1. Identify the residue in the range 60-78 that is within 17 Å of the chain's Cα centre (by Cα), outside any helix (DSSP H, G or I) and touching a residue at least 24 places away in the same chain (Cβ under 8 Å) and, among all such residues, is nearest to Gly119 (Cα to Cα).
2. With the requirement that a residue be under 16 Å from Cys44 (Cβ atoms) and assigned to a loop (DSSP other than H, G, I, E, B), what does the range 79-124 give you?
3. Restrict the check to the range 12-23 and report whether at least one residue is among the aliphatic types (A, V, I, L, M) and either closer than 21 Å to Ser103 by Cβ or at pLDDT below 60 (or both).
4. What pairs can you find where one residue is in the range 43-59 and within 21 Å of Pro74 (Cα to Cα), the other is of a type in the set (Ser, Thr, Tyr), and their Cβ atoms are less than 6 Å apart, with a gap of 6+ or different chains?
5. Of all residues in the range 97-112, how many are closer than 26 Å to Glu52 by Cβ and surrounded by fewer than 18 Cβ atoms within 10 Å (Cβ to Cβ)?
Amino acid sequence: MEGEARLFQQAADTIIRSDRSMKRLLLPALCGALFLATPAFAACDSDNLPDEMRLAFISGAQEALNEHGFNAGPVDGKMGSRTRTAIRSYQRAAKLPVDGCVSQGLLDHLNFSQPKIYGPNRPR
């Protein structure tokens, strides 16, 4: 967090030095930068995987999430908003760190954790 604070301070100093009339834009700009730097919007490790592996991870998560009653949408291997929301919902229910990212750890938890965690849309 210390590095982020320094980065924001440097950005603020640059804005103030470059144009005094931009002072009123400083707070919204810094708030926006802080908002975008939160973990919910951070890149996922799976984003750097080869396409086939990323597709397999996401498809596996979508299938397991749907089976557990967390509506991840169609099993298409694409990280859409329903899939990310389903991942976050599962992570909250399972008391895992909530980042909305698919990972080997998430897949292991979905497939092997006991007791199983089920969502409100669990098929009977």
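The values are calculated or read from the model by the stated rules, or taken from the named source; none is laboratory data. Owing to the predicted nature of the structure, the values given are computational and were not obtained by experimental measurement. Note: ideal-geometry Cβ built from the backbone for every residue, glycine included; neighbour counts use all protein chains shown.
1. Phe70
2. Correct list: Met79, Gly80, Leu96, Pro97, Val98, Asp99, Gly100, Cys101, Val102, Ser103.
3. Of all residues in the range 12-23, those among the aliphatic types (A, V, I, L, M) come to 12, 15-16, 22.
Next cut, either closer than 21 Å to Ser103 by Cβ or at pLDDT below 60 (or both) only: 22.
Looking through the range 12-23, at least one residue is among the aliphatic types (A, V, I, L, M) and either closer than 21 Å to Ser103 by Cβ or at pLDDT below 60 (or both).
4. Here the result reads Arg54/Ser46; Phe57/Ser46, each pair linking the range 43-59 to a residue that is of a type in the set (Ser, Thr, Tyr).
5. Going through the range 97-112, the residues closer than 26 Å to Glu52 by Cβ turn out to be 99-112.
Next, from what is left, pick out any that are surrounded by fewer than 18 Cβ atoms within 10 Å (Cβ to Cβ): 103-105, 107-109, 111-112.
Of the residues in the range 97-112, 8 are closer than 26 Å to Glu52 by Cβ and surrounded by fewer than 18 Cβ atoms within 10 Å (Cβ to Cβ).
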